[in-house]
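The structure under discussion appears below in the form of structure tokens.
The values are calculated or read from the model by the stated rules, or taken from the named source; none is laboratory data. These numbers come from a predicted model, not from an experiment. When we count neighbours, we look across all protein chains shown, and the Cβ atoms used for this are built from the backbone with ideal geometry, even at glycine.
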């Protein structure tokens with residue numbers, strides 16, 4: 001009996017990495033997520049990092065899903081009354097022809113100043129990409145990695161301009177509603 005228990009336990013532990021790498025559907029990410037994060041850039045060693053309140057709502061729509069994210073940035077001002085900026089972004093995604101990626105319906109002609117965006121899921125992570133060509137002809141790409149974890153959702157945002165890091169935000173969110 002003990003051998004059976006040990007053998008079963010060994011098989012379960014060996015199979016766990018396969019479970020963790022399963023391809024999730026967007027439904028795994030649906031809900032309202034709330035938390036906070038810290039932004040850093042290459043000048044963070046000289047200046048204070050900024051804190052951010054983060055809200056993410058991921059909802060199903062017919063043949064796709066929407067992602068709405070709100071960021072409240074506190075920077076400058078005083079400790080008692082910091083300057084605050086609020087940004088909200090909404091993106092709608094529909095399956096691309098391959099079935100492995102989702103096309104952003106708000107995407108436009110990147111060479112006309114519009115952004116192009118898309119999403120993909122790998123393992124436990126929903127990644128959104130947004131790319132813009134700047135007036136100088138250089139590009140800027142933003143990547144939002146939202147990874148499901150045992151405690152909720154981990155966020156990593158990265159902005160690159162012509163391959164150079166501009167800003168990184170890391171945060172933790174918890175599910176606060178469906």
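For the structure I just gave you, tell me whether residue 111 is touching a strand residue (DSSP E or B) at 6+ places or on another chain (Cβ under 9 Å) and part of a strand (DSSP E or B). Full working, then the answer.
Numbers: touching a strand residue (DSSP E or B) at 6+ places or on another chain (Cβ under 9 Å): yes; part of a strand (DSSP E or B): no.
When the stated conditions are applied, residue 111 does not pass them.
Tell me which residues, restricted to region 99-129, are more than 25 Å from residue 62 (Cβ to Cβ) and in contact with a helix residue (DSSP H, G or I) (Cβ under 8 Å, 6 or more places away or on another chain). Walk me through it before giving the result.
Going residue by residue through region 99-129, those that are more than 25 Å from residue 62 (Cβ to Cβ) are 109-113, 123-124.
123, 124, listed by residue number.
Conditions tested, residue by residue: (1) touching a strand residue (DSSP E or B) at 6+ places or on another chain (Cβ under 8 Å); (2) part of a strand (DSSP E or B).
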site: 67; (1), (2): yes, yes
site: 71; (1), (2): yes, yes
site: 75; (1), (2): yes, yes
site: 88; (1), (2): yes, yes
site: 99; (1), (2): no, no
site: 106; (1), (2): yes, no
site: 120; (1), (2): yes, yes
site: 126; (1), (2): yes, yes
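Give 94, 86, 103 a once-over and let me know the one that is within 20 Å of residue 53 (Cβ to Cβ) and at pLDDT 90 or above. Spell out the reasoning first.
Numbers: 94 fails: within 20 Å of residue 53 (Cβ to Cβ); 103 fails: within 20 Å of residue 53 (Cβ to Cβ).
Matching residue, one of 94, 86, 103: 86.
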Quiz item: So residue 50 fits all but one of (1) closer than 28 Å to residue 32 by Cα; (2) modelled with pLDDT of 90 or more; (3) in contact with a strand residue (DSSP E or B) (Cβ under 6 Å, 6 or more places away or on another chain); what number is the exception?
Solution: (2)
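Restricted to region 163-175, and to residues that are part of a strand (DSSP E or B) and more than 19 Å from residue 125 (Cα to Cα), which residue is farthest from the chain's Cα centre (by Cα)? Show your work before the answer.
To start, the set of residues in region 163-175 that are part of a strand (DSSP E or B) comprises 164-175.
If we keep only those that are more than 19 Å from residue 125 (Cα to Cα) too, we end up with 164-167.
Values: 164: 20, 165: 17, 166: 17, 167: 14 Å.
Checking each candidate, the answer is 164.
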Quiz item: Using beta carbons and a limit of 6 Å, which pairs, at least six apart or on different chains, have the first residue in region 127-151 and without any contact (Cβ under 8 Å) to a residue 40 or more places away in the chain and the second one in a loop (DSSP other than H, G, I, E, B) and crowded, with 16+ Cβ neighbours inside 10 Å?
Solution: 130/115; 132/115; 147/124
Quiz item: Mind checking which residues of region 131-151 are more than 19 Å from residue 106 (Cα to Cα) and not in a strand (DSSP E or B)?
Solution: 135, 136, 137, 138, 150, 151
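Matching residues to (1) more than 10 Å from the chain's Cα centre (by Cα); (2) surrounded by 15 or more Cβ atoms within 10 Å (Cβ to Cβ); (3) within 19 Å of residue 103 (Cβ to Cβ):
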position	(1), (2), (3)
130	yes, yes, yes
134	yes, no, no
146	no, yes, yes
149	yes, no, no
153	no, yes, no
158	no, yes, no
